[in-house]
Amino acid sequence: MFAINLLYIFLAQKITKIDWHSKLNKAAHHTSDYNSTQMILRRGQAFAITLNFQTTVQPENNFTFIASTENELIVDPGLSPTAITQNCCLLFPLAGPSPAESQQTKAVFHLSEVAANGWSATQERCEPGRMSLMIVSPANAIIGQYKLKLQIASGNKTSSALLGQFVLLFNPWCPNDDVYMANEKERQEYVLNDSGIIFQGKEKYIQQEAWNYGQFEEDILDISLSILDRSLNHRQDPSTDVSNRNDPIYVCRVISAMVNSNDEKGVVEGKWSGSYRSGTNPLHWSGSVTILRKWYRGRYRPIRYGQCWVFAGVMCTVLRSLGIPTRVITNFNSAHDSNINLSIDKYIDVSGKTLNLTEDSIWNFHVWNESWFTRRDLGSFYDGWQVLDATPQEKSKGIYRCGPASTRAIKEGDVNLDYDSSFVFAAVNADCVTWIQHSNKRKERIYSNTRKIGKFISTKAVGTNTRVDVTDNYKYPEGSSKERQVYKKALKLLAVRSTGGRKKVTKPRRRFPAARRQNTTATTRKPTVSGKLKLDAPPVIGQDILLTLALQNLTADFKTIKVKLRASAVLYTRKPKAEILQWSRSVQLGAEEVKEISFKITYTQYKNALLDDRKILVTAVCEARQGASLLVEKDIVLQDPFLTIEVLGPTVVHKATNVLVTFTNPLSEVVTDCVLRAEGSGLLKEQLNINVARMAPMETATAEFEIVPYKSGIRQLQVDLACIRFSNIKGFVMLDVAPAQ
């Protein structure tokens, strides 16, 4: 930004120097990590400034300070904020909101007085020609860019000077701030940690994926603030938008809408089907920094493409950069209840093929965010962690966004409270029902489970990369009387009644059109056989998958079972992408007999279906003449070979160190055009890409590159190998970087 000692010409003879005590103030405000020349401060906390005058300051002089938010500026997004600072003439004001005291975007306060607006300035000491001041902003000040002006009145004369510019952020260290977090270790994790872990996979195979949040990297804070300025709220009513930026509820809601591109040309465009050739496969992203910079430098064109963990990773970066404690949450077996009746209905045909008769779905996992702040709109009981979801699933008050929804409200079934608590409640607590549609259009309910949804809700632990289960924050123990009591309370609040064994919305209170519903009648028959699909060996990409279907006759009668088995490549949303295998056969079972059927899915069968992901859903529909049909399912996630990272020397700030990466082609065929990517905040200023032209079948190869750390402390280095013949092979290592010697 502009140099902070810039003065109006008519005061140049009076003030000779302005010292913002950059190092001291940034350390006190926990903003030293920001890679920026700007003065970055947190609200509700004092900061020091010293003025040197050409002449002795007269005691009768009247000092008045004016702090005001900046007008929005038009800049060339192709320029970094650093370049903008060096080329001030490239900025010019956009016709926008003029700061006003009535909007709390302008504060006027006098020396040694606490103004009604909460701003104050006190004199610490005064020497001849020198004045040291402490200035305090209120704990509910608007966040964003400010300029600070001084007016000096002496007799009938008044002179003015622009003392400088600064950025004001939320302050989790300030007890009066709505985002105050009392535990220092949690502040270090949820505000200051610039890397993390996002959990993926499935409930019985949870995987760690490293993510580079990079909220302190060059440009990221400026980009985060520009996201607010690009929002629909700001374009429609700039003055009101800026005046609301003192409220974390408001800011989080705007960011939730802006991280996706559905309504407001936001940061990331989502895509869950088809080819990713016109952008980046969501699996290839390992951090937020590259995404945010591309969006900014690309003149705010949405970045293609993202899926839930990408939206959550980017939102975590933006909110941490603004000072709001934020973490990433993964919900396994996550429900998307499109009509909010707390029942997820899935329809299949007699061969096990999924039918698109409903918009409901159950994702293997879904990733969202939690941010920490008080809920003045709801009451103190609902303070604490608030759910936010930038993945564009459903509209909230006309815009694709979700939250903030209090986790306390979700746990207690208070689904009538703002914002979108009913949608999140269903995601973790809906019931699951599977139906078979027979050729005569008869629908048969073959599976019902009240405990399937919302398993192993996970986040990264404070201070370590281990997984912490936070399911208890969202619901009471499954099957407990309290859990069912809360569920019934939610049904009542949503005006949902039970009819014929399933639920129906009678008076929908919701924010989007209802999904198509089916007229169905529940069957009372029970299966006369049981079944289970088992893996005979760990499934590894490039190898055949060996499975066994075990069936047991539950009666003393002879049975002939017709088995229809299907294997499909699926997304993590469990939406089928391609059929891999299909067969049917009859199995004869004697009284209470157990029989095992072994089969395999060959690499040749699945290789072309798993280019973007490595998930397979196997279903077996088992029908007998008597008894209900039986559905047996198995989710398979193919394991990738490990990628090893070896750092070949000590890691010290500003000292080059080489890194050796070893990886293996998991396939029995030649692969070409692979790319090895590396990134890590404090280690690499930009993402590093190394082309791997060719790898022979099962070949182990190495790549070596140099890092020059520029920040000390614990740092995360992420490396992944991307290839068109298989999904990414990823790894990471934590480095303890020593200060410069």
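Just to verify a number: FRET efficiency for Val670 and Gln188, C-beta to C-beta distance, R0 = 56 Å, to 0.05?
According to the calculation, E is roughly 0.75.
Using modelled amide H (1.01 Å from N, peptide plane; none on Pro or chain starts), what sits under 5 Å from the amide H of Asp263, excluding residues fewer than 5 places away?
Residues meeting the criterion, in which the H sits 1.01 Å from N, are Tyr400.
With no solvent and one equal point scatterer per Cα, compute the Debye intensity ratio I(q)/I(0) for segment 529-637 at 0.18 Å⁻¹ and report its log10, rounded to two decimals.
The Debye formula, applied to the Cα set alone, gives -0.85.
Which order do you get for Met734, Met39 if you rank them by accessible area with a 1.4 Å probe, largest at the top?
Sorted by accessible area, descending: Met734, Met39.
What full-extension length gain, to one decimal in nm, is calculated for Asn62 and Asp469 as 0.36 nm per residue of separation minus the Cα-Cα distance?
Fully extending the segment from Asn62 to Asp469 adds 140.7 nm.
How high is the relative contact order of segment 242-362? Use alpha-carbon pairs under 8 Å, at least six apart in sequence, and give a whole percent.
For segment 242-362, the relative contact order is 19 percent.
How high is the FRET efficiency between Lys149 and Ala461 when r is their beta carbon distance and R₀ equals 60 Å, given to the nearest 0.05?
0.85
Roughly how many Å² of Lys562 are accessible to a 1.4 Å probe, to the nearest 10?
The value for Lys562 is about 100 Å².
Contact order normalised by length for segment 643-737, with contacts defined as Cα pairs under 8 Å and 6 or more residues apart; what percent is it?
Dividing the mean separation by the residue count of segment 643-737 yields 34 percent.
For the Cα atoms of the chain, what angle does the longest principal axis make with the long axis of helix 481-493, in degrees from 0 to 90, nearest 10?
The angle comes out at about 70 degrees.
If the cut-off is a Cα-Cα distance under 29 Å, which lysines reach Lys23, setting aside same-chain residues fewer than 8 apart in sequence?
Here the lysines satisfying the reach criterion relative to Lys23 are Lys14, Lys106, Lys147, Lys149, Lys185, Lys655, Lys685, Lys711.
Go through segment 646-656 residue by residue and turn each phi into a ³J(HN,Hα) via Karplus (6.51, -1.76, 1.60, θ = phi - 60°); whole Hz please, and just put x for glycine and proline.
Running phi through 6.51 cos²θ - 1.76 cosθ + 1.60 with θ = phi - 60° gives 10, 8, 8, x, x, 9, 9, 4, 6, 10, 5 Hz.
Please work out how much length the chain gains when fully extended from Lys534 to Gln236, using 0.36 nm per residue of separation minus the C-alpha to C-alpha distance, in nm with one decimal.
Length gained, Lys534 through Gln236: 101.6 nm.
Please state, to two decimals, what the Cα-based radius of gyration of segment 188-496 comes to when divided by 2.2 N^0.38 Å (N = residues).
Working: Rg = 19.4 Å, N = 309, 2.2 N^0.38 = 19.4 Å.
Cα Rg divided by the expected 2.2 N^0.38 Å: 1.00.
With all protein chains present, how much of the accessible area of the chain (probe radius 1.4 Å) comes from carbon and sulfur, to the nearest whole percent? Could the numbers behind the result be given before it?
Values: 14640 of 30290 Å².
That share works out to 48 percent.
What does the highest-first list of 618-627, 397-406 look like by mean Cβ count within 10 Å? All intermediate terms of the calculation are to be shown ahead of the outcome.
Numbers: 618-627: 19.0, 397-406: 22.8.
Ranking, from highest mean packing down: 397-406, 618-627.
With contacts defined as alpha carbon pairs under 8 Å and 6 or more residues apart, what's the relative contact order of the chain in percent?
It rounds to 9 percent for the chain.
Treating cross-link reach as a plain straight distance, find the lysines whose alpha-carbon is under 25 Å from the alpha-carbon of Lys265, omitting any fewer than eight places away in the same chain.
By straight Cα distance, Lys265 reaches Lys294, Lys395, Lys397.
Ordering Lys489, Lys526 from largest to smallest accessible area (1.4 angstrom probe), what's the sequence? Mind dumping the intermediate values first?
Working: Lys489 80, Lys526 160 Å².
Putting Lys489, Lys526 in descending order of accessible area: Lys526, Lys489.
Per the Debye formula with a single identical scatterer at each Cα and no solvent contribution, what log10 I(q)/I(0) holds for the chain at q = 0.07, 0.08 Å⁻¹?
At q = 0.07, 0.08 Å⁻¹ the computed log10 ratios are -0.57, -0.72.
Report the label-to-label distance for Glu706 and Thr560 in nanometres (one decimal), using points 7 Å from each Cα along the Cα→Cβ vector.
Taking the two extended label points, one gets 7.6 nm.
Which stretch or stretches of segment 596-610 have amide N atoms under 11 Å from the point lying 7 Å from Ala550's Cα along the Cα→Cβ direction?
Only 596-597 pass the distance filter.
Averaged per residue, what accessible area in Å² does the chain show with a 1.4 Å probe, protein chains only?
41 Å²
Tally Lys/Arg at +1 and Asp/Glu at -1 over every other residue whose Cβ is under 14 Å from the Cβ of Pro404; what's the total?
Once positives and negatives cancel, what remains is -2.
If packing is taken as the mean number of other Cβ atoms within 10 Å per residue, what is the order of 458-470, 327-339, highest first?
The peptides rank, most packed first, as 327-339, 458-470.
Could you check the simple spin-label distance between Met698 and Ile714, using points 7 Å along Cα→Cβ, in nm with one decimal?
So the label points at Met698 and Ile714 sit 3.9 nm apart.
Under a no-solvent Debye model with one identical scatterer per Cα of segment 270-357, what's log10 I(q)/I(0) at q = 0.19, 0.22 Å⁻¹?
-1.01, -1.13
What order do you get for 317-326, 479-488 when each peptide is scored by the mean count of other beta carbon atoms within 10 Å, highest first?
Ranking the peptides 317-326, 479-488 by packing returns 317-326, 479-488.
Just subtract the alpha-carbon distance of Ile690 and Lys397 from 0.36 nm times their residue separation and send over the number in nm, one decimal.
Here the segment from Ile690 to Lys397 would lengthen by 101.0 nm.
Using a simple spin-label model with points 7 Å from Cα along the Cα→Cβ vector, what separation in nm is obtained for His110 and Arg376?
2.7 nm
Taking a cut-off of 26 Å between Cα atoms, list the lysines near Lys607, but don't count ones fewer than 8 places away on the same chain.
Correct list for Lys607: Lys202, Lys204, Lys271, Lys353, Lys532, Lys534, Lys564, Lys575, Lys577, Lys615, Lys634, Lys730.
Which FRET efficiency value, to the nearest 0.05, is calculated for Glu203 and Gln54 with the Förster distance at 60 angstrom and r the Cβ-Cβ distance?
FRET efficiency, Glu203 to Gln54: 0.25.
Amide H neighbours of Arg715 under 5 Å, at least 5 residues apart or on other chains, H built in the peptide plane: list them.
Amide H to amide H, under 5 Å and 5 or more residues apart or across chains, Arg715 pairs with Leu735, Asp736, Val737.
The values are calculated or read from the model by the stated rules, or taken from the named source; none is laboratory data. Every value quoted in this text rests on a predicted model; they were computed, and no experiment measured them. Positions of Cβ are generated from backbone atoms using ideal geometry, with glycine treated the same way; all protein chains shown enter the neighbour counts. Please note that ligands, DNA and RNA were not included when accessible areas were found on the heavy atoms of the full protein model with its side chains. Shrake-Rupley method; radii C 1.70, N 1.55, O 1.52, S 1.80 Å.
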